[in-house]
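Notes follow the structure.
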Amino acid sequence: MEPIAKKSLIGQRVPKPDAPDKATGRTTYINDMVLPKMLYGKILHAGRPHALIKNIDVSAAKALPGVYAVLTAADVPEMFFGVGRDNRPLKGGKVRCVRDEVAAVAAESEELCDEALRLIKVDYEDLPAVFDPAEGAKEGAPLIHDNKPGNRSLAYQFKHGDVAAAEASSDVVIDSVFNVHYVTHCCMGTSCVIADFDCDGKLTIYSQTQYPYNFKMDLAPALGIHPGDIRVIQPPVGGAFGSKLDVYPFEPVCALLAQAARRPVKLTFSREEEFINAPTRQPVRIHMRTGAKKDGTLTFRKVDCLLNNGAYTSWGPTVPFVMMRTFSSHFRVPNVDIDCRAIYTNNPYAGSFRGYGNVQATYATSIHADMMAEKLGMELLTFSLKNAQKSGEVTPQGARLNECVFAECLQKAADVTDFTAKHARYAAERNKPGRIKRGIGMASSIHNAGGAKIHKSDGCGTMIKLDDYARATVITGASEIGQGIDAVICQVVAEELGIPMSDITIVNNDSAIAPWDVGVHASRTTFIAGNAAQRAARKAREQMLNAASKRANMPADALDLREGWVVHDSDGTPVLKIDKLLREMHFSREPELVMVSEYYEPPSEPENKEHVGDMSAAYSHAVHVAEVEVDTETGEIRIVKFTSVQDVGRVINEMGLEAQLEGGIVMGIGYALSEELKIVNGQVRNPSFRDYKVLTAPEVPPMELHFIESHSSTGPMGAKGIAELPTIVPAPAIANAVYNAIGIRFFDPPMTPEKVARAIWERDSKLAAAE
Amino acid sequence: MTAKVDISFTLNGHLKKVSVPADMSALTMLRDMLGMTGTKLACGEGECGACTIMVDGVSLNSCLMYAAECDGRTVLTIEGLRTAAGLDPMQKAFVEKGAIQCGYCMPGMIMQAKYLADTKGKMTHEELQRGLEGNVCRCTGYKKVFDAVAAVVGVTE
Amino acid sequence: MVSQATTESQTPQEYAAPSTIEEALRSIADGDATILAGGTDLMLQTKPGGRLPYRRKLVNIRRIAGLRGVGEKDGRISIGALVTITDIANNELLKTAAPVLPQTADCFASGQIRNMGTVGGNICNASPAGDMIVPLLVLDAEVELSAWAKGAVATRLVPLSKFFTGPGRTVKQPNELLTRIVFARPDKKYSVGYIKSGPRPALEISTVSAALSAIRDNDKLSSVRIALGAVGPTVLRAVKAEAYLEGKTVNAQVVAETARLAAEDASPIDDVRATAWYRRHLIQVYVKRLLENDSQG
Ligand SMILES: Cc1cc2nc3c(=O)[nH]c(=O)nc-3n(C[C@H](O)[C@H](O)[C@H](O)COP(=O)(O)OP(=O)(O)OC[C@H]3O[C@@H](n4cnc5c(N)ncnc54)[C@H](O)[C@@H]3O)c2cc1C
Ligand code: FES
Ligand code: FES
C-alpha cells in the first residue's frame, strides 16, 4: 500500500449532496407529496381590511358532495398564537386585514374546495380602517385589538452615552427620513402544509418550517394540544429565506381541518394567495440624525423608527432587535439614542426575512455615511476607515468584535474597484451633457456571524453513528432549506473521520429523530451546526483512534484517519481499513459501537433588559461596491458591475459560499431596484410575478466576490456565518452609486424607473423655473 | 360536464394514453394524473418557468399548455433527461457547478437550458441570459446557472 | 383571492381539434365556441373567476397547417395566424422585409411563451399592451377574417386600425377566425422602429411601447405612422402627431413637438405598473428616440 497523504476538504468546491436528485426531478418536495386518503384544504380569506363579521352561512358548502369539513371560528376553541399571541387560526367577531382567515374547507380536491368556498356566504359590516402607523397611533384612531390601547404593539429603546452633548459638540449634523418598503420572500415553492392526526390525537405535521422544535411550542397553543404531541417532518422545500420562522394561520387551520375530517389534509397556497398571505419584510420609517466632527469622527446617532405592525404580530415588529445593533455598531458610534415603536394597522403583517432588520437599518446607516463624507468634504473610504472598528472593540450594545477585519474589507473593496478615483470622476461628470450617467457607490454593514441568542438557547444537537461498513449517519437538528448545510456538515464530518463524503447520510427532517436546534436563521447554521457536527465527529474520531491504537500498538495521536484508512500520522502509512476497524470494535469481546452525540451551545449571551449583551459568538462585515448607469430619461438603472468583499471567517465550501453570496446579492439588487409589494388601503395590488418583479437572468450584473478570512476563534474551522450580509448591503451601495451618477438621493426604495425619472424631471423642472 | 378528450402521446419515450378534461393544463395532467411531479408548479401563470417542458423539441410553459394539445406529440420532462447512461450532461453540469440550491426552479431551468443547448449551441453570454429570462430562481442569483450552461455548450463574451 | 358567491364557472362541453380551416369554420359556425391557439392568454383568462368564461365548445386550431407560414405574393407579405412569436423572431423574410417585427418579437414575453404564443392570438386578445399589434399598425397591416357562410368559406379583410373596439374587444364576430395578417412590403426608403419599456429586455407587460414608420427622403418624412401601446383602451395611432410630422424635416423643435403631440394623443391611466404621468413621459422619450435614432430604438 502506498502511503496516503493528508488532504483537506476544507475550502474545496463541493456540490450539494442532494443536487443530483434535484436536478433529475426525483426529489419529492412537500408541494409534490400525496398521502393515502389525503384531502385538500383551502381557506376563505376576508379580502377586506377591517370589518365585523355579522354572519357566516356555511350550509351550502357543507352540503356539497366531497366536502369533509367546513370550519369557522365558531367550530374551534378561542386560542391565540404567534409572536405577539394576538393571532387566531380562524377569525371570529371581526377581521383586521385582507388575509384574515374566516372559514376553511377540506374536500377531495382543490377544485371542490374552491367551489365550497364560493358557496360560503359572509355578511360583513365594514369598519373604519387605518393603514398608516402614524395615523394609527393618534388618539381616536380605529382600534384594531380591543386590548391594545393606542394600537401599540412592540417598542424598543436603547440609549448609550450622551447624545445631546454629542450633538452640541458636533461640527456637522445630518438628518433624514428613510422609508423602506414592503417586499416578500417569493419562495418558489408556495406555502404548503400537510397535517395528519393519529387515533391518540397526536399530530404529524409535514411542514416547511425553518425551526421545527420551537415550531411545536408555537403551534400547540393554536390547537390546544401539548407540544410533545406534535411531530414535525420537514420534506424538501422550495426556499424559505426567513418566511417560515413563525407559525402562520394556514398551518393550524390545516391541522384543525385534519382533526375535523379525521383524514390527512394538505393545504397549498396558489401564487396569488402567497403574495397576499405570506409574510413580508417589515417596512420601517427611519428618522435618523447623525453627527460628526470636522475630522470625520462620528459623534452620535439618534434614530426614531416607526414600524407598520399590520394586523398581527409575527417576527416583523421584532426587527428592532437587529436594527438597533446596526444603528449602534455599524461604525464606531460613541453615543446613540434609539427609539422604535410598532403600531397596529389594518395592513398585512411582516415576518422575518433574510437580513432581519439589517436590510432596513443598513439602508439608512450606509446612505448617511455617504452623505456625511460628502458634507465633510472627505472621501467615503477615508471617512469609513476612520470610523471602522478594530479587533477587540466592544460596541455600545456589548458586541465584542473579535477578529474584526472591517478596515481590510473597506480597503480591499476600494482597491479592486478603483473606487476613489471613479467616485470623483463620475461626480465631476454629473453635470456634463448626455443621457446616460455613470456612478459608483459603496456601502457596508455588520451582522452577527456566530448565531444570535434570541432564545434561551442558540444550540444545536448532533448525533453521529457509524455502521459496519464505515458509512456514517449524521443526525442533526439543523434544517436544510436549500442553503447548503448538508454539504458543509458532510465536509466537516468527512474531514474528521477520513471517509468519503458520499459515505455520509444526513438525517435532519424529523423532530422525532433529530435532536434540538433553534432553527435556520440569523446566518447561524454553518457556524452552530458546523460546530456541533465537528465536535460530534471528533468524539467518534477519538473513539476510533483509541480502538485503533490498541490494535496497532501505537499511541492514538500518532494515528490519523484518511481516505478510509487508519494511517500513521507522520508518513501516511496505512495500518488498517476503517470499516475493518469498526467491525473489529463491534464484534469483539468488549463490543463497542461508534455512536456519539454532542450538544453545542455557542459562547454568546442573550441581551439584558437594556439590550446589552454579546449575543453572537462572532460578527462579520461586508463591503459592497456598485457601479451603475442611469438613463436620465427613462429612469432605468443598469448595474454595470457589482463587487462584494466579505469577512467569511474561513472558506469551508467555496462553491456553496459563492452561491449564497450571489443569490443574496441578486435578491438585494431586486430589493433596491424593482421589488415592491404594493399595499394600498390594506389591499395587495400586485399579487403576481407579472407585477412583482424579482430579478431575472438578463438583469444579473457581472459580480466579483472577494473573501477575507479572519479565522474566527469560535467558528467551525474558523468559519463565520455569511448568508444575510449579501442581501443587506446592495441597496445602499446602489443608492449611493445613483447619487454619484445623478446627484439625487433616494430615501424610499425601490428605485424604480418611474421614481428615478420623476425625481430627475422634478429637479430639472425646478432648475428650469429658477433660471 | 366538462368535455373529456382522449389523447395519446409519447412521454419520456413511453406511449401514454389518457383521458383529460378539455380545460386541463399539461402541468396538471403531468403532476396530478400521471404522478410526474418533477415538473413544478410555482405560479401557474407563465411567469416563472418552473413548469418548463419540451414538446416536439420546443420548450414551453406546461402550466399554459392545454393537456389535450399533447395529443400525438412527443413530450420530454425533467424525468426523461436522465437515461440508463446516467444524468444528462446538462444535469451533471448543474450539479457540479453548484447551480442548485433549494432546487425548486431547477427542473424548469434545466429543461430551458437544455432547449437552448439543443437549438442554439454555443452562444454569447447575453444570449444565454436572454434565453433564461423566463425562469425565475430565488436562490442562486443565476450566476452558477450560467456557469453550468457554459460548461456544456461554451459561452463567448 | 377567492371571490364569494360568484356564478359557477363555465367549462367547455365539447372539444374539437380540426386540421383544416374549413373544418374549423364549420365547427365555430354557431358562434358558441372558444378558440384556442397557443393558449398563453386563454388558459389564464378562463380560470374560475377569470374574465373569459368558456363558450360551449373549445376549438383547438393548433393543428391547422393552413394557418401557419410566412410568405410573400405580389408585394404583399402574409403571416398565418398560428405563426408563433419565435417564428417571427427567426423568420428570414421578415428579417429583411420588416425587421421591426422580429425586433418586437425579441422583446416579447419569455422564450417559452414566444414558442407557444401566436401572432393571431396576440391580435385577437386585443390587449392595449399587445406588443405585436404596435408595429403591425404602423405597417398598415390588415387582418383576414374567415367564416363559414352559405356553405363556403367567406373572408373579409379589416384594417388593423379598425379592428379594435376596446380592451379585449374587436370587430371579429364569434363565428369568425382570424386566418392571416397581410401588409404591403415596405418600400426601401421606409424606416420603422419600435421601443418597449424596460428595464427588462422582455418578460414585461409593456408600460409603454411605441413604433414609428415613415418614408425618409433627405430627412423629410412622409407616410408617417406612429402607434402607441398600453396608453389607451386599445393600441392606438397617434393621429395628431402623425399629421403634424407629415412632410416635415426632422430637427430638434419638430422632434419635441411631435413627442408632445403624441403624448396628447394618448389617454393613459394610472395603474399598478405606472402612473399616467410616467406613461406620457415615456411616450415623449420614445418618440424622440425613434425620430432621432432612425430605426433601431
Ligand atoms: C408570462 C406572460 C408574458 C406575456 N408577455 C407578453 C408580452 O410581452 N407582450 C404581449 O403582447 N403579450 C404577452 N403575453 C400575452 C400572450 O402571450 C400573447 O398575447 C400571445 O400572443 C397570445 O397568443 P396565443 O396563441 O397564446 O393566444 P391564445 O391564448 O390561444 O388566444 C388569445 C385569444 O385570442 C383568441 N384567438 C387566438 N387565435 C385566434 C384566431 N386565429 N382567430 C380568432 N381568435 C383567436 C382566443 O380565443 C383568445 O381569446 C404574455 C403572456 C404571459 C402568460
Ligand atoms: S408554473 Fe408555469 S410558468 Fe410558473
Ligand atoms: S434553486 Fe431555489 S429557486 Fe432556484
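Would you check if there is a residue in the range C:17-28 being free of Cβ contacts under 8 Å to residues at least 60 places away in the same chain, open to solvent by 20 Å² or more (accessible area, probe 1.4 Å), within 9 Å of chain B (Cβ to nearest Cβ) and within 19 Å of C:Trp148 (Cβ to Cβ)?
Checked against the condition, which is being free of Cβ contacts under 8 Å to residues at least 60 places away in the same chain, open to solvent by 20 Å² or more (accessible area, probe 1.4 Å), within 9 Å of chain B (Cβ to nearest Cβ) and within 19 Å of C:Trp148 (Cβ to Cβ), the range C:17-28 yields at least one hit.
Please verify whether the range A:123-136 includes one or more residues that are open to solvent by less than 50 Å² (accessible area, probe 1.4 Å), within 14 Å of chain B (Cβ to nearest Cβ) and not hydroxyl-bearing (Ser, Thr, Tyr).
no
Out of B:Arg82, B:Arg130, B:Arg138, report the one residue that is out of contact with any strand residue (DSSP E or B) (no Cβ under 7 Å at 6 or more places or on another chain), open to solvent by 10 Å² or more (accessible area, probe 1.4 Å) and within 16 Å of ligand 1 (Cβ to nearest atom).
After applying the criteria, what remains is B:Arg130.
What's the number of the only condition in (1) within 14 Å of chain B (Cβ to nearest Cβ); (2) away from ligand 2 (no atom under 16 Å from the Cβ); (3) modelled with pLDDT of 95 or more that C:Thr11 fails to meet?
Here C:Thr11 clears every test but (3).
For the range B:8-23, state whether one or more residues are open to solvent by less than 10 Å² (accessible area, probe 1.4 Å), of a type in the set (Phe, Trp, Tyr) and within 10 Å of another protein chain (Cβ to nearest Cβ).
Scanning the range B:8-23 turns up no residue that is open to solvent by less than 10 Å² (accessible area, probe 1.4 Å), of a type in the set (Phe, Trp, Tyr) and within 10 Å of another protein chain (Cβ to nearest Cβ).
Considering only the range A:688-704, how many residues are closer than 14 Å to A:Met188 by Cα and either open to solvent by less than 30 Å² (accessible area, probe 1.4 Å) or acidic (Asp, Glu) (or both)?
So the count comes out to 6.
So which pairs qualify, if the first residue must be in the range C:171-186 and among the charged types (D, E, K, R) and open to solvent by 10 Å² or more (accessible area, probe 1.4 Å), the second must be away from ligand 2 (no atom under 16 Å from the Cβ) and in a loop (DSSP other than H, G, I, E, B), the Cβ gap must be under 7 Å, and the two must be at least 6 apart or on different chains?
C:Arg180/C:Ala81; C:Arg185/C:Gly75
Are any residues in the range B:24-73 within 13 Å of the chain's Cα centre (by Cα), without any contact (Cβ under 8 Å) to a residue 24 or more places away in the chain and open to solvent by 40 Å² or more (accessible area, probe 1.4 Å), and if so, which ones?
Across the range B:24-73, the qualifying residues are B:Leu41, B:Asp56.
Which of the residues that make up the range A:68-88 are under 28 Å from A:Lys121 (Cβ atoms) and open to solvent by 30 Å² or more (accessible area, probe 1.4 Å)?
Scanning the range A:68-88 gives A:Tyr68, A:Ala74, A:Asp75, A:Pro77, A:Glu78, A:Met79, A:Phe80, A:Arg88.
If only one of A:Ser644, A:Ser620 is within 14 Å of chain B (Cβ to nearest Cβ) and either surrounded by 24 or more Cβ atoms within 10 Å (Cβ to Cβ) or within 16 Å of ligand 1 (Cβ to nearest atom) (or both), which one is it?
Residue meeting the stated conditions: A:Ser644.
Give C:Val143, C:Val134, C:Val192 a once-over and let me know the one that is among the hydrophobic types (A, V, I, L, M, F, W, C), farther than 28 Å from C:Thr20 by Cα, in contact (Cβ under 8 Å) with a residue 12 or more places away in the chain and buried (at least 24 other Cβ atoms within 10 Å of the Cβ).
C:Val134
Looking at the range C:276-286, is at least one residue out of contact with any helix residue (DSSP H, G or I) (no Cβ under 8 Å at 6 or more places or on another chain), open to solvent by 30 Å² or more (accessible area, probe 1.4 Å) and either in the same structural domain as C:Pro135 (by TED's automatic domain parsing) or not charged (D, E, K, R) (or both)?
No; the residues of the range C:276-286 include none that is out of contact with any helix residue (DSSP H, G or I) (no Cβ under 8 Å at 6 or more places or on another chain), open to solvent by 30 Å² or more (accessible area, probe 1.4 Å) and either in the same structural domain as C:Pro135 (by TED's automatic domain parsing) or not charged (D, E, K, R) (or both).
Is it the case that some residue within the range C:50-64 is open to solvent by less than 40 Å² (accessible area, probe 1.4 Å), within 14 Å of chain B (Cβ to nearest Cβ) and small (Gly, Ala, Ser)?
yes
Of everything in the range A:224-242 that's open to solvent by 10 Å² or more (accessible area, probe 1.4 Å) and in contact with a strand residue (DSSP E or B) (Cβ under 7 Å, 6 or more places away or on another chain), which residue is nearest to ligand 2 (Cβ to nearest atom)?
Here the answer is A:Pro235.
If you scan the range C:30-40, which residues turn out to be in contact with a Gly (Cβ under 8 Å, 6 or more places away or on another chain) and more than 9 Å from every other protein chain (Cβ to nearest Cβ)?
Correct list: C:Ala37 only.
All but one of (1) in a loop (DSSP other than H, G, I, E, B); (2) within 11 Å of chain C (Cβ to nearest Cβ) hold for B:Cys137; state the number of the condition that does not hold.
(2)
Go through (1) surrounded by fewer than 20 Cβ atoms within 10 Å (Cβ to Cβ); (2) within 15 Å of C:Thr40 (Cα to Cα) and name the single condition C:Asn122 misses.
C:Asn122 satisfies every listed condition except (1).
Got at least one residue in the range B:78-95 being in a helix (DSSP H, G or I), under 16 Å from the mean Cα position of the chain (by Cα), within 16 Å of ligand 2 (Cβ to nearest atom) and within 14 Å of chain A (Cβ to nearest Cβ)?
yes
Go through the residues of the range C:201-210 one by one and say whether even a single one is buried (at least 19 other Cβ atoms within 10 Å of the Cβ), in a helix (DSSP H, G or I) and in contact with a helix residue (DSSP H, G or I) (Cβ under 9 Å, 6 or more places away or on another chain).
No, the conditions are met nowhere in the range C:201-210.
Conditions (1) among the hydrophobic types (A, V, I, L, M, F, W, C); (2) over 30 Å from A:Cys199 (Cβ atoms); (3) touching a residue at least 24 places away in the same chain (Cβ under 8 Å); (4) assigned to a loop (DSSP other than H, G, I, E, B), marked per residue:
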| site | (1), (2), (3), (4) |
| --- | --- |
| A:Tyr213 | no, no, yes, no |
| A:Ala222 | yes, no, yes, no |
| A:Leu245 | yes, yes, yes, yes |
| A:Val253 | yes, no, yes, no |
| A:Gln282 | no, yes, yes, yes |
| A:Val303 | yes, yes, yes, no |
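The values are calculated or read from the model by the stated rules, or taken from the named source; none is laboratory data. Not measured: the values here are computed from a predicted model. Using ideal geometry, Cβ is built from the backbone for each residue, glycine included, and neighbour counts are taken over all protein chains shown. Heavy atoms of the whole protein, side chains included, go into the accessibility calculation; ligands, DNA and RNA do not. Shrake-Rupley method; radii C 1.70, N 1.55, O 1.52, S 1.80 Å.
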